[in-house]
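Just below is one structure, and these are the notes that go with it.
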Amino acid sequence: MKVLVFDIWGDFGHFKKYYTTASPLTFSVPPPTAIFGMLGAILGLDKEEYLNHINGRTTKIGIQILKPIKKTRMTLNLIDTKNSGSFHLIKNRTQIKTEFLKEPAYRLYVNMEKQELFNRLTNLVQNKESYYTLSLGLANLLANYRYIGLYDAKPIEEATEVHSIVLAENIKELVVEEGKKYSKEKLPLDMNPDREVLSYKDVVMEVQGRSLRGKFLGVYKSGGRENFSFL
């Protein structure tokens, strides 16, 4: 199985948790549903159509944390533009306290069922080209990215160490080590073109970007020294 590996990072990120409204909280990592949008932006697929081609049934995603997860809160000044004829007439403003990821950085592992699309994506990432501006969740949170490689991913029968986040259901045993910080979050993994989430699952991560040790299923070896798991 071929896997495209590239890093993505930025100054700030925000991937809204589905159960927060008034004071939006962010996931610690970009959910696969958000990464589908990033891949669509690189490929130049329209926002109304990319989920027809890039989704949880056609695309496999793995995520490794490269920098310790840091979060901060800032207040956004939202304005009401619906009923105002011009910008200077806007009167209604709402301040929303929002949680952001600070200096997030991740390594993404991508495999796509559609070979032609996968080849295009690989070439664009390798040349650091994209059709649309890449962001980390919100349009003004710009992202940078860097090609790492295209590798043959080889399955490991029962891994004892994994460097990416993993599905909770794929953990047979987790060794809790001193100095490491563990977290579990429920991420949306798949979405249809109507923006309806089709699947949520629990994932486990070490939030400082260090490896997990124990016994794991569904783990692969890439061209580097790290082991990773698809979600």
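Numbers for the structure displayed
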read-out: Of Lys16/Lys201; Lys47/Lys114; Lys67/Lys180; Lys70/Lys215; Lys17/Lys201; Lys17/Lys221, those spanning more than 22 Å from alpha-carbon to alpha-carbon; value: Lys70/Lys215; Lys17/Lys221
read-out: Cα-derived Rg to Rh of region 12-143, Kirkwood definition; value: 1.03
read-out: Helix-only CD estimate at 222 nm, as mean residue ellipticity for the chain, using -39500 (n - 2.57) per DSSP H run (n ≥ 4); value: -3500 deg cm²/dmol
read-out: Dipole magnitude of the chain, debye to nearest 20 (Cβ charges: Lys/Arg +1, Asp/Glu -1, about Cα centre); value: 640 debye
read-out: Stokes-Einstein D for region 2-229, Kirkwood Rh over Cα pairs, 25 °C, 0.890 mPa s (µm²/s); value: 131 µm²/s
read-out: Formal net charge of residues neighbouring Asp152 (Cβ-Cβ distance under 13 Å; K, R +1; D, E -1); value: +3
read-out: Ranking of Ser199, Ser28, Ser164 by count of other Cβ atoms within 10 Å, fewest first; value: Ser199, Ser28, Ser164
read-out: Net dipole in debye of region 107-172 [+1 Lys, Arg Cβ; -1 Asp, Glu Cβ; about Cα centre; nearest 20]; value: 320 debye
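No value in this document is a laboratory result; all are computed from the given coordinates. Since we're looking at a predicted model, the values are computed, not measured. FYI the Cβ positions are ideal-geometry reconstructions off the backbone, even for glycines, and counts take in every protein chain you see.
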